[in-house]
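The values are calculated or read from the model by the stated rules, or taken from the named source; none is laboratory data. Quick caveat, the model's predicted, so the values are computed rather than measured. No Cβ is skipped: glycine too gets one built from the backbone with ideal geometry, and neighbour counts run over all protein chains shown.
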Amino acid sequence: MTDGSTQTEELIDRLRTLLGSADDEALRAFFAELHVADIADCLEQIEAEERSRIIFLLPPRTTAEAIVLLEEAVRSDVLDDFNEEQVSEVLKELPADDAVDVLDELDDEVADKVIERLPPEQKAVVEPLRQYDEDTAGGLMNPDYISVPAEGSVIDAVQEIQRLTDEETEEVYYIYCVDADGRLKGVVPPMRLIIAGPDVSVKDLLLPDLFTVRAEDDQEAVKNMFEKYDLASLPVVDEDDRMLGVITHDDVLEVAEEEADEDMYHMAGTDAEEFATASIFHAAGIRARWLLPCLAGTFAAVVAILFFKPQFHKDIFNIVVVFLTPIAAMGAMPASRSRPSSFAPKQQTTPWHTALAPPLPANFVSSFSLQSAPGCSPASARLRYSTPASSRVNMAWLLSAPTSNSVVSPRPSARPCRSPSCSPACSR
(Lines give C-alpha, C1' and ligand atoms only; values in the text may rest on other atoms or scores of the structure.)
Protein backbone atom coordinates (compact mmCIF):
# COMPACT_ATOMS: atom_id res chain seq x y z
CA MET A 1 0.00 0.00 0.00
CA THR A 2 1.33 3.44 -0.92
CA ASP A 3 0.64 6.59 1.04
CA GLY A 4 -1.16 9.62 -0.37
CA SER A 5 1.97 11.62 -1.19
CA THR A 6 3.55 8.74 -3.12
CA GLN A 7 0.33 8.17 -5.06
CA THR A 8 0.13 11.87 -5.94
CA GLU A 9 3.73 11.87 -7.17
CA GLU A 10 3.00 8.87 -9.38
CA LEU A 11 -0.06 10.61 -10.82
CA ILE A 12 1.96 13.76 -11.52
CA ASP A 13 4.62 11.72 -13.33
CA ARG A 14 1.99 10.03 -15.49
CA LEU A 15 0.32 13.37 -16.17
CA ARG A 16 3.58 15.02 -17.29
CA THR A 17 4.20 12.14 -19.66
CA LEU A 18 0.74 12.55 -21.18
CA LEU A 19 1.16 16.32 -21.43
CA GLY A 20 4.35 15.77 -23.40
CA SER A 21 2.57 13.47 -25.85
CA ALA A 22 -0.06 16.11 -26.77
CA ASP A 23 -2.76 13.42 -26.83
CA ASP A 24 -5.97 15.05 -25.58
CA GLU A 25 -7.98 11.84 -25.68
CA ALA A 26 -5.43 10.08 -23.49
CA LEU A 27 -5.63 13.01 -21.04
CA ARG A 28 -9.43 12.75 -20.91
CA ALA A 29 -9.21 9.01 -20.24
CA PHE A 30 -6.59 9.61 -17.53
CA PHE A 31 -8.74 12.13 -15.64
CA ALA A 32 -11.89 10.05 -16.09
CA GLU A 33 -10.35 7.41 -13.79
CA LEU A 34 -9.41 9.89 -11.04
CA HIS A 35 -11.33 11.18 -8.07
CA VAL A 36 -11.99 14.91 -8.23
CA ALA A 37 -9.71 15.48 -5.21
CA ASP A 38 -6.82 13.83 -7.08
CA ILE A 39 -7.58 16.00 -10.11
CA ALA A 40 -7.33 19.10 -7.93
CA ASP A 41 -3.97 17.91 -6.55
CA CYS A 42 -2.67 17.42 -10.08
CA LEU A 43 -3.83 20.87 -11.18
CA GLU A 44 -1.99 22.48 -8.25
CA GLN A 45 1.30 20.78 -9.16
CA ILE A 46 1.59 21.82 -12.82
CA GLU A 47 2.29 25.06 -14.65
CA ALA A 48 -0.46 27.58 -15.35
CA GLU A 49 -0.35 27.01 -19.12
CA GLU A 50 -0.73 23.24 -18.73
CA ARG A 51 -3.45 23.77 -16.14
CA SER A 52 -5.52 25.88 -18.51
CA ARG A 53 -5.25 23.22 -21.18
CA ILE A 54 -6.49 20.51 -18.83
CA ILE A 55 -9.35 22.59 -17.42
CA PHE A 56 -10.94 22.93 -20.84
CA LEU A 57 -10.64 19.18 -21.46
CA LEU A 58 -12.61 18.20 -18.38
CA PRO A 59 -16.40 17.79 -18.28
CA PRO A 60 -18.21 20.85 -16.84
CA ARG A 61 -19.26 19.05 -13.67
CA THR A 62 -15.74 17.79 -12.97
CA THR A 63 -14.28 21.21 -13.70
CA ALA A 64 -16.64 22.87 -11.24
CA GLU A 65 -15.94 20.39 -8.43
CA ALA A 66 -12.16 20.55 -8.98
CA ILE A 67 -12.10 24.37 -8.94
CA VAL A 68 -13.79 24.42 -5.53
CA LEU A 69 -11.08 22.14 -4.09
CA LEU A 70 -8.15 24.22 -5.38
CA GLU A 71 -6.11 26.49 -3.13
CA GLU A 72 -7.33 30.07 -3.29
CA ALA A 73 -4.26 31.36 -5.13
CA VAL A 74 -4.51 28.61 -7.78
CA ARG A 75 -8.27 29.06 -8.05
CA SER A 76 -7.82 32.76 -8.76
CA ASP A 77 -5.34 31.98 -11.54
CA VAL A 78 -7.75 29.48 -13.09
CA LEU A 79 -10.69 31.89 -12.97
CA ASP A 80 -8.58 34.60 -14.61
CA ASP A 81 -8.55 32.44 -17.75
CA PHE A 82 -12.37 32.20 -17.80
CA ASN A 83 -14.75 34.68 -19.33
CA GLU A 84 -18.07 35.55 -17.69
CA GLU A 85 -20.02 32.93 -19.59
CA GLN A 86 -17.59 30.15 -18.68
CA VAL A 87 -17.67 31.10 -15.01
CA SER A 88 -21.46 31.06 -15.03
CA GLU A 89 -21.41 27.57 -16.56
CA VAL A 90 -19.17 26.43 -13.71
CA LEU A 91 -21.47 27.93 -11.09
CA LYS A 92 -24.49 26.13 -12.54
CA GLU A 93 -22.87 22.85 -11.54
CA LEU A 94 -22.20 23.87 -7.93
CA PRO A 95 -24.32 24.10 -4.79
CA ALA A 96 -25.07 27.62 -3.63
CA ASP A 97 -22.40 27.83 -0.90
CA ASP A 98 -19.63 26.67 -3.23
CA ALA A 99 -20.87 29.03 -5.94
CA VAL A 100 -20.51 31.95 -3.53
CA ASP A 101 -16.95 30.86 -2.71
CA VAL A 102 -16.09 31.04 -6.40
CA LEU A 103 -17.75 34.44 -6.77
CA ASP A 104 -15.68 35.76 -3.87
CA GLU A 105 -12.56 35.20 -5.98
CA LEU A 106 -13.85 37.60 -8.65
CA ASP A 107 -14.05 41.37 -8.74
CA ASP A 108 -17.42 42.71 -7.63
CA GLU A 109 -18.19 44.03 -11.09
CA VAL A 110 -17.37 40.73 -12.77
CA ALA A 111 -19.26 38.77 -10.11
CA ASP A 112 -22.38 40.86 -10.68
CA LYS A 113 -22.24 40.15 -14.41
CA VAL A 114 -21.78 36.44 -13.78
CA ILE A 115 -24.79 36.34 -11.46
CA GLU A 116 -26.94 37.92 -14.16
CA ARG A 117 -26.21 34.90 -16.36
CA LEU A 118 -27.40 32.38 -13.78
CA PRO A 119 -30.86 30.76 -13.93
CA PRO A 120 -33.46 32.74 -11.95
CA GLU A 121 -33.93 30.05 -9.29
CA GLN A 122 -30.18 29.77 -8.63
CA LYS A 123 -29.75 33.53 -8.69
CA ALA A 124 -32.45 33.91 -6.03
CA VAL A 125 -30.49 31.58 -3.74
CA VAL A 126 -26.95 32.83 -4.41
CA GLU A 127 -27.54 36.57 -4.12
CA PRO A 128 -28.71 36.56 -0.47
CA LEU A 129 -25.65 34.52 0.56
CA ARG A 130 -23.28 37.18 -0.75
CA GLN A 131 -24.35 39.60 1.96
CA TYR A 132 -22.65 37.48 4.64
CA ASP A 133 -18.96 37.79 5.37
CA GLU A 134 -17.02 34.69 4.36
CA ASP A 135 -15.70 34.30 7.92
CA THR A 136 -19.16 34.04 9.48
CA ALA A 137 -21.69 31.25 9.85
CA GLY A 138 -23.74 32.82 7.07
CA GLY A 139 -20.75 32.59 4.75
CA LEU A 140 -20.32 28.89 5.54
CA MET A 141 -23.90 27.71 5.43
CA ASN A 142 -25.64 25.85 2.64
CA PRO A 143 -29.24 27.03 2.11
CA ASP A 144 -30.27 23.58 0.85
CA TYR A 145 -31.72 21.43 3.63
CA ILE A 146 -34.73 19.20 4.28
CA SER A 147 -37.40 20.46 6.66
CA VAL A 148 -40.73 18.91 7.62
CA PRO A 149 -43.68 20.15 9.73
CA ALA A 150 -43.18 19.32 13.38
CA GLU A 151 -46.88 18.53 13.84
CA GLY A 152 -46.98 15.91 11.07
CA SER A 153 -46.64 12.16 11.27
CA VAL A 154 -43.71 10.01 10.21
CA ILE A 155 -45.41 8.96 6.95
CA ASP A 156 -46.05 12.62 6.12
CA ALA A 157 -42.40 13.44 6.82
CA VAL A 158 -41.15 10.57 4.66
CA GLN A 159 -43.32 11.66 1.75
CA GLU A 160 -42.08 15.24 2.14
CA ILE A 161 -38.47 14.03 2.15
CA GLN A 162 -39.08 12.02 -1.01
CA ARG A 163 -40.53 15.10 -2.66
CA LEU A 164 -37.68 17.39 -1.66
CA THR A 165 -34.78 15.02 -2.14
CA ASP A 166 -33.30 14.70 -5.63
CA GLU A 167 -30.52 12.56 -7.00
CA GLU A 168 -27.92 15.23 -6.24
CA THR A 169 -28.45 14.99 -2.48
CA GLU A 170 -25.53 12.98 -1.12
CA GLU A 171 -25.78 13.18 2.66
CA VAL A 172 -28.72 13.91 4.96
CA TYR A 173 -27.53 14.14 8.56
CA TYR A 174 -30.68 15.56 10.14
CA ILE A 175 -34.26 16.34 9.24
CA TYR A 176 -35.20 19.81 10.50
CA CYS A 177 -38.64 20.22 12.02
CA VAL A 178 -40.22 23.66 11.75
CA ASP A 179 -43.56 25.21 12.66
CA ALA A 180 -45.92 27.02 10.33
CA ASP A 181 -43.80 30.21 10.53
CA GLY A 182 -40.56 28.42 9.66
CA ARG A 183 -39.18 28.52 13.21
CA LEU A 184 -36.90 25.62 14.06
CA LYS A 185 -38.34 23.31 16.71
CA GLY A 186 -35.85 20.47 16.65
CA VAL A 187 -33.97 17.92 14.57
CA VAL A 188 -34.57 14.26 13.82
CA PRO A 189 -31.93 11.78 12.58
CA PRO A 190 -33.16 9.95 9.46
CA MET A 191 -32.74 6.60 11.20
CA ARG A 192 -35.41 7.52 13.76
CA LEU A 193 -37.91 8.11 10.97
CA ILE A 194 -37.03 4.79 9.37
CA ILE A 195 -37.56 2.67 12.46
CA ALA A 196 -40.58 4.56 13.83
CA GLY A 197 -44.16 3.62 13.01
CA PRO A 198 -45.92 5.54 10.21
CA ASP A 199 -48.44 7.15 12.55
CA VAL A 200 -45.94 8.38 15.14
CA SER A 201 -45.77 12.16 15.49
CA VAL A 202 -42.52 13.72 14.32
CA LYS A 203 -42.27 15.96 17.39
CA ASP A 204 -42.04 12.82 19.54
CA LEU A 205 -38.83 11.82 17.74
CA LEU A 206 -36.92 15.08 18.21
CA LEU A 207 -33.45 14.94 19.77
CA PRO A 208 -33.42 16.31 23.32
CA ASP A 209 -30.69 18.89 22.60
CA LEU A 210 -30.91 21.55 19.90
CA PHE A 211 -27.79 23.50 18.93
CA THR A 212 -27.97 26.50 16.62
CA VAL A 213 -25.85 29.45 15.53
CA ARG A 214 -26.71 32.89 14.20
CA ALA A 215 -25.77 33.90 10.68
CA GLU A 216 -23.46 36.63 11.98
CA ASP A 217 -21.52 34.35 14.37
CA ASP A 218 -17.81 34.01 13.69
CA GLN A 219 -16.61 30.84 11.99
CA GLU A 220 -14.30 30.06 14.89
CA ALA A 221 -17.28 29.95 17.26
CA VAL A 222 -18.95 27.55 14.83
CA LYS A 223 -15.86 25.33 14.79
CA ASN A 224 -15.75 25.28 18.58
CA MET A 225 -19.38 24.12 18.76
CA PHE A 226 -18.69 21.24 16.38
CA GLU A 227 -15.70 20.17 18.46
CA LYS A 228 -17.42 20.53 21.82
CA TYR A 229 -20.67 18.75 20.99
CA ASP A 230 -19.39 16.36 18.29
CA LEU A 231 -21.92 17.48 15.70
CA ALA A 232 -22.39 16.28 12.13
CA SER A 233 -24.25 19.43 11.04
CA LEU A 234 -25.44 22.66 12.62
CA PRO A 235 -28.51 24.72 11.67
CA VAL A 236 -28.16 28.47 11.11
CA VAL A 237 -31.09 30.61 12.25
CA ASP A 238 -31.98 34.30 12.33
CA GLU A 239 -32.97 36.35 15.38
CA ASP A 240 -36.49 34.83 15.22
CA ASP A 241 -35.14 31.25 15.08
CA ARG A 242 -36.18 30.83 11.46
CA MET A 243 -34.07 28.41 9.48
CA LEU A 244 -31.58 29.99 7.07
CA GLY A 245 -29.27 27.13 6.21
CA VAL A 246 -27.05 24.32 7.45
CA ILE A 247 -23.31 24.01 8.12
CA THR A 248 -21.85 20.51 7.76
CA HIS A 249 -18.72 19.01 9.28
CA ASP A 250 -16.73 19.17 6.03
CA ASP A 251 -17.16 22.95 6.00
CA VAL A 252 -15.78 23.09 9.54
CA LEU A 253 -12.75 21.00 8.59
CA GLU A 254 -11.84 23.69 6.08
CA VAL A 255 -12.27 26.35 8.77
CA ALA A 256 -9.97 24.44 11.14
CA GLU A 257 -7.33 24.21 8.43
CA GLU A 258 -7.61 27.93 7.69
CA GLU A 259 -7.28 28.80 11.38
CA ALA A 260 -4.20 26.58 11.71
CA ASP A 261 -2.61 28.18 8.64
CA GLU A 262 -3.39 31.63 10.00
CA ASP A 263 -1.70 30.81 13.31
CA MET A 264 1.40 29.57 11.49
CA TYR A 265 1.49 32.73 9.38
CA HIS A 266 1.34 34.85 12.54
CA MET A 267 4.23 32.88 14.04
CA ALA A 268 6.27 33.60 10.92
CA GLY A 269 5.30 37.29 10.87
CA THR A 270 3.39 37.07 7.60
CA ASP A 271 -0.06 36.18 6.25
CA ALA A 272 -1.74 34.32 3.41
CA GLU A 273 -1.57 37.33 1.10
CA GLU A 274 2.19 36.91 0.75
CA PHE A 275 1.79 33.42 -0.69
CA ALA A 276 -1.13 34.39 -2.91
CA THR A 277 1.04 36.55 -5.14
CA ALA A 278 4.38 36.28 -6.87
CA SER A 279 5.16 39.99 -6.44
CA ILE A 280 8.35 40.57 -4.45
CA PHE A 281 7.29 44.12 -3.61
CA HIS A 282 3.92 42.97 -2.28
CA ALA A 283 5.60 40.36 -0.05
CA ALA A 284 8.13 42.97 1.14
CA GLY A 285 5.30 45.34 2.02
CA ILE A 286 3.63 42.68 4.17
CA ARG A 287 6.83 41.91 6.07
CA ALA A 288 7.58 45.61 6.50
CA ARG A 289 4.61 45.82 8.88
CA TRP A 290 6.64 44.12 11.61
CA LEU A 291 10.19 44.71 10.36
CA LEU A 292 9.93 48.50 10.54
CA PRO A 293 8.74 48.59 14.18
CA CYS A 294 11.56 46.21 15.09
CA LEU A 295 14.02 48.46 13.30
CA ALA A 296 12.64 51.51 15.12
CA GLY A 297 13.04 49.78 18.49
CA THR A 298 16.64 48.87 17.66
CA PHE A 299 17.48 52.46 16.76
CA ALA A 300 15.86 53.62 20.00
CA ALA A 301 18.24 51.36 21.92
CA VAL A 302 21.19 52.77 19.97
CA VAL A 303 20.14 56.33 20.79
CA ALA A 304 19.85 55.46 24.49
CA ILE A 305 23.31 53.92 24.56
CA LEU A 306 24.89 56.88 22.78
CA PHE A 307 23.14 59.26 25.19
CA PHE A 308 24.81 57.61 28.19
CA LYS A 309 28.14 57.00 26.48
CA PRO A 310 29.92 59.92 28.22
CA GLN A 311 29.17 58.36 31.61
CA PHE A 312 30.75 55.02 30.69
CA HIS A 313 34.35 54.10 31.16
CA LYS A 314 35.88 53.51 27.71
CA ASP A 315 36.69 49.85 28.37
CA ILE A 316 33.26 49.27 29.88
CA PHE A 317 31.54 50.75 26.85
CA ASN A 318 33.52 48.48 24.51
CA ILE A 319 32.45 45.45 26.54
CA VAL A 320 28.80 46.52 26.47
CA VAL A 321 28.79 46.96 22.70
CA VAL A 322 30.30 43.53 22.15
CA PHE A 323 27.66 41.77 24.24
CA LEU A 324 24.63 43.74 23.02
CA THR A 325 23.92 41.38 20.13
CA PRO A 326 23.87 38.07 22.08
CA ILE A 327 22.04 39.71 24.98
CA ALA A 328 19.32 41.02 22.66
CA ALA A 329 19.04 37.68 20.89
CA MET A 330 18.78 35.64 24.07
CA GLY A 331 16.30 38.10 25.53
CA ALA A 332 14.05 37.75 22.49
CA MET A 333 14.03 33.96 22.53
CA PRO A 334 12.47 33.56 26.01
CA ALA A 335 10.05 36.36 25.18
CA SER A 336 8.84 34.51 22.09
CA ARG A 337 8.03 31.53 24.34
CA SER A 338 6.28 33.54 27.03
CA ARG A 339 2.85 33.25 25.38
CA PRO A 340 1.86 29.60 25.70
CA SER A 341 -1.80 30.40 25.15
CA SER A 342 -1.35 32.38 21.93
CA PHE A 343 -2.14 29.44 19.71
CA ALA A 344 -4.25 27.39 22.11
CA PRO A 345 -7.93 26.72 21.37
CA LYS A 346 -9.82 29.95 21.81
CA GLN A 347 -12.49 28.45 24.02
CA GLN A 348 -9.92 27.85 26.76
CA THR A 349 -9.61 31.08 28.71
CA THR A 350 -6.86 31.32 31.32
CA PRO A 351 -6.22 34.21 33.74
CA TRP A 352 -3.18 36.23 32.71
CA HIS A 353 -1.32 35.61 35.98
CA THR A 354 -1.87 31.84 35.62
CA ALA A 355 -0.76 31.82 32.00
CA LEU A 356 2.43 33.77 32.75
CA ALA A 357 3.35 31.88 35.93
CA PRO A 358 5.18 28.93 34.26
CA PRO A 359 7.26 30.81 31.67
CA LEU A 360 8.37 33.79 33.76
CA PRO A 361 10.58 31.90 36.28
CA ALA A 362 12.06 29.78 33.49
CA ASN A 363 12.77 32.87 31.40
CA PHE A 364 14.37 34.62 34.38
CA VAL A 365 16.66 31.68 35.12
CA SER A 366 17.68 31.17 31.49
CA SER A 367 18.21 34.87 30.84
CA PHE A 368 20.14 35.36 34.11
CA SER A 369 22.36 32.35 33.46
CA LEU A 370 23.13 33.15 29.85
CA GLN A 371 23.58 36.87 30.32
CA SER A 372 25.69 36.51 33.48
CA ALA A 373 28.20 34.20 31.83
CA PRO A 374 30.50 37.03 30.68
CA GLY A 375 30.92 38.05 34.32
CA CYS A 376 33.37 35.20 34.89
CA SER A 377 35.76 36.42 32.21
CA PRO A 378 39.07 37.91 33.42
CA ALA A 379 38.45 41.20 31.66
CA SER A 380 35.08 41.66 33.32
CA ALA A 381 36.52 40.75 36.70
CA ARG A 382 39.19 43.42 36.43
CA LEU A 383 36.81 46.04 35.05
CA ARG A 384 34.28 45.66 37.86
CA TYR A 385 36.75 47.21 40.28
CA SER A 386 37.87 50.04 38.01
CA THR A 387 34.38 51.27 37.17
CA PRO A 388 33.19 54.47 38.85
CA ALA A 389 30.05 54.13 40.96
CA SER A 390 28.07 56.51 38.75
CA SER A 391 28.86 54.42 35.66
CA ARG A 392 27.83 51.24 37.39
CA VAL A 393 24.48 52.75 38.37
CA ASN A 394 23.76 54.00 34.85
CA MET A 395 24.73 50.67 33.31
CA ALA A 396 22.43 48.81 35.67
CA TRP A 397 19.56 51.13 34.77
CA LEU A 398 20.20 50.84 31.04
CA LEU A 399 20.83 47.13 30.69
CA SER A 400 18.48 45.83 33.45
CA ALA A 401 19.43 43.77 36.48
CA PRO A 402 20.44 40.43 34.88
CA THR A 403 22.62 42.16 32.33
CA SER A 404 24.22 44.49 34.85
CA ASN A 405 25.57 41.48 36.76
CA SER A 406 27.87 40.77 33.86
CA VAL A 407 29.82 44.02 34.15
CA VAL A 408 29.22 45.62 37.55
CA SER A 409 28.91 44.62 41.17
CA PRO A 410 27.63 46.67 44.12
CA ARG A 411 30.79 45.97 46.09
CA PRO A 412 33.84 43.78 45.59
CA SER A 413 33.80 40.40 47.25
CA ALA A 414 36.54 39.46 49.67
CA ARG A 415 36.36 35.82 48.67
CA PRO A 416 37.91 34.50 45.45
CA CYS A 417 35.63 33.09 42.75
CA ARG A 418 35.24 29.35 43.10
CA SER A 419 33.42 28.74 39.85
CA PRO A 420 35.10 25.85 38.00
CA SER A 421 34.55 27.72 34.71
CA CYS A 422 36.60 30.76 35.84
CA SER A 423 40.25 31.25 35.07
CA PRO A 424 42.87 31.72 37.81
CA ALA A 425 42.94 35.44 37.01
CA CYS A 426 39.34 35.84 38.07
CA SER A 427 39.22 37.62 41.43
CA ARG A 428 35.46 37.68 41.86
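So, V148, is that one farther than 27 Å from R61 by Cβ and in contact with a Phe, Trp or Tyr (Cβ under 6 Å, 6 or more places away or on another chain) or not? So V148 fails the test.
Candidates in the range 226-246 are the residues that are in a helix (DSSP H, G or I) and surrounded by fewer than 20 Cβ atoms within 10 Å (Cβ to Cβ); of these, the one that is modelled with the lowest pLDDT is E227. For the range 53-65, the set of residues classified as assigned to a helix (DSSP H, G or I) and buried (at least 17 other Cβ atoms within 10 Å of the Cβ) consists of I54, I55, T62, T63, A64, E65, listed by residue number. Scanning the range 140-149 for residues that are surrounded by fewer than 22 Cβ atoms within 10 Å (Cβ to Cβ) and under 16 Å from Q219 (Cα atoms) turns up just one, N142. Just one of the numbered conditions (1) within 30 Å of G245 (Cβ to Cβ); (2) at pLDDT 90 or above; (3) basic (K, R) is not true of R28: (1). Name the residues in the range 1-43 that are surrounded by fewer than 16 Cβ atoms within 10 Å (Cβ to Cβ) and closer than 19 Å to E65 by Cα, would you? Hits for the range 1-43 are R28, A29, A32, E33, H35, A37.
Answer yes or no: is there a residue in the range 162-175 that is in contact (Cβ under 8 Å) with a residue 40 or more places away in the chain, more than 31 Å from the chain's Cα centre (by Cα) and surrounded by 17 or more Cβ atoms within 10 Å (Cβ to Cβ). So far as the range 162-175 goes, no, none of its residues is in contact (Cβ under 8 Å) with a residue 40 or more places away in the chain, more than 31 Å from the chain's Cα centre (by Cα) and surrounded by 17 or more Cβ atoms within 10 Å (Cβ to Cβ).
Of the residues making up the range 176-203, those that are part of a loop (DSSP other than H, G, I, E, B) and surrounded by fewer than 17 Cβ atoms within 10 Å (Cβ to Cβ) are D179, A180, D181, G182, P189, G197, P198, D199, V200.
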